[in-house]
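The values are calculated or read from the model by the stated rules, or taken from the named source; none is laboratory data. This is a predicted model, so every value here is computed, not measured. Ideal geometry is used to build each Cβ from the backbone, glycine not excepted, and the neighbour counts take in all protein chains shown. To get the accessible areas, we keep the full protein, side chains included, count just its heavy atoms, and leave off ligands, DNA and RNA. Shrake-Rupley method; radii C 1.70, N 1.55, O 1.52, S 1.80 Å.
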Amino acid sequence: MKDKKFYPWVVVGLLWVVALLNYMDRQMLSTMQEAMKLDIVELQKAEAFGMLMAVFLWIYGFMSPVAGIIADKLSRKWLIVGSLFVWSAVTYLMGYAADFNQLLILRSTMGISEALYIPSALSLIADWHEGKSRSLAIGIHMTGLYTGQAIGGFGATLAAALSWQQAFHWFGIVGIVYAVVLMLFLHENPNRVVDKKLASEPTKKANPLAGLGIVLTNWAFWVILFYFAAPSLPGWATKNWLPTLFAESLNIPMSEAGPISTITIALSSFVGVIVGGIMSDKWVQKNIRGRVYTGAIGLGMTIPALALLGFGESFIAVVGAGLLFGVGYGIFDANNMPILCQFISAKYRATAYGVMNMVGVFAGAAVTQVLGAWTDGGNLGMGFAMLSIVVAVALALQLFCLKPKTDNME
């Protein structure tokens with residue numbers, strides 16, 4: 001199968017499901033707090049629940065560069081299979097958790113195992129898709145993340161129908177079974193470029209950090225890193241604070257603001273990654289900076305959207321701003337790895353994306369806390385509007401500095 005022309009799209013389809021499970025399993029905990037705190041009394045304190053969410057982000061962030069380094073050295077197929085199996089087993093075991101400490105250990109383990117997925121998956125997709133389909137393939141994969149985040153919200157529904165324990169069990173079983181499917185049908189790219197120099201010199205010890213050093217001494221990578229991190233601020237802000245902003249701006253209850261904001265961002269981002277993927281793949285055939293320009297268009301769309309989110313008061317203005325932001329962010333999201341491929345060798349892409357993922361997660365953790373303070377002061381809208389300034393700086397830096405010479409750095 002792996003020699004067939006259609007197999008690169010089979011890879012995308014297989015990993016789309018894994019991406020869905022990745023975000024679904026991490027997200028469902030946040031929706032089942034009410035059901036779980038009846039059995040685990042520590043969760044009745046918001047601080048304890050916040051610790052569960054935070055420990056995942058911190059471990060996930062710190063592990064991302066490590067995951068990238070490992071993915072550049074070992075089989076990405078088996079890293080993906082292994083990480084899916086472990087986080088699914090953790091999800092299953094969370095149904096047996098009897099106290100807060102057990103939940104904390106399991107949530108920490110999930111942070112480690114889930115961190116191994118994204119650098120491996122995006123690097124593998126980038127290797128299978130070159131030129132005419134890379135951005136679209138990455139974009140389609142990203143829709144799996146969005147879908148998983150949305151489905152994770154139904155964890156509370158399943159918990160109400162059965163129990164929170166059964167909800168964790170069933171979500172975990174699905175992932176464990178699918179890991180077996182991947183073992184049979186997912187394959188490493190036979191043309192994968194690996195760094196064999198150190199391996200061919202037995203007198204020298206291989207330095208596992210050599211790839212990281214090469215990535216960090218590439219000046220273009222630092223531009224890409226800032227270009228990636230700056231939009232991560234509003235990206236995480238919309239995940240964590242958009243329902244609150246909708247509720248305050250439109251004077252509606254959270255029960256209405258939550259679904260409206262989630263659906264608005266999810267649907268528009270879905271459209272954005274598909275549009276951005278197709279546009280980038282076509283543009284780069286005519287202009288080597290086509291991917292950079294496509295990403296810039298997406299990023300540019302988020303600037304007025306953030307300002308309008310901050311100051312809009314009517315339903316049309318706020319929801320319209322949410323739709324504009326989602327489409328723009330989706331276009332941006334579909335082109336991060338393809339742009340990285342223009343400047344970083346195939347041998348070190350997972351390492352590079354691991355560093356980017358870490359910085360993005362930490363930026364998200366920071367902005368979540370800052371916007372919390374702004375919310376207490378009654379200035380959440382102003383906080384969203386100010387994020388547009390950071391994005392504008394990243395956009396200018398990207399357009400001025402990123403001038404690729406190839407679409408696929410070897």
Any idea how many residues of the range 107-135 are surrounded by fewer than 20 Cβ atoms within 10 Å (Cβ to Cβ) and more than 30 Å from S280 (Cα to Cα)?
3
Picking from A161, A150, A137, which residue would you name as being farther than 23 Å from V86 by Cβ and in contact with a His (Cβ under 7 Å, 6 or more places away or on another chain)?
A137
Could you identify the single residue in V223, V215 that is surrounded by fewer than 19 Cβ atoms within 10 Å (Cβ to Cβ) and either of a type in the set (D, E, K, R) or assigned to a helix (DSSP H, G or I) (or both)?
V223
Can you spot a residue in the range 385-404 that is modelled with pLDDT under 85, within 27 Å of A67 (Cβ to Cβ), touching a Gly at 6+ places or on another chain (Cβ under 8 Å) and open to solvent by less than 30 Å² (accessible area, probe 1.4 Å)?
no
Residue list for the range 6-31, filter: open to solvent by less than 10 Å² (accessible area, probe 1.4 Å) and farther than 19 Å from A167 by Cβ
Y7, V11, V12, L15, V18, A19
Could you tell me whether any residue of the range 337-359 is open to solvent by 10 Å² or more (accessible area, probe 1.4 Å), over 22 Å from W58 (Cβ atoms) and in a helix (DSSP H, G or I)?
no
If you scan the range 56-104, which residues turn out to be basic (K, R) and open to solvent by 40 Å² or more (accessible area, probe 1.4 Å)?
K73
Which is buried (at least 24 other Cβ atoms within 10 Å of the Cβ) and of a type outside the set (D, E, K, R), of G300, G330, G312, G320?
G330
Cross-chain or 6+ apart pairs with Cβ under 8 Å, the range 64-83 first and more than 15 Å from I112 (Cα to Cα), then buried (at least 18 other Cβ atoms within 10 Å of the Cβ) and of a type in the set (K, R):
D72/K347; D72/R349
Does any residue of the range 112-126 turn out to be over 20 Å from G360 (Cα atoms) and either free of Cβ contacts under 8 Å to residues at least 12 places away in the same chain or in contact with a Pro (Cβ under 6 Å, 6 or more places away or on another chain) (or both)?
no
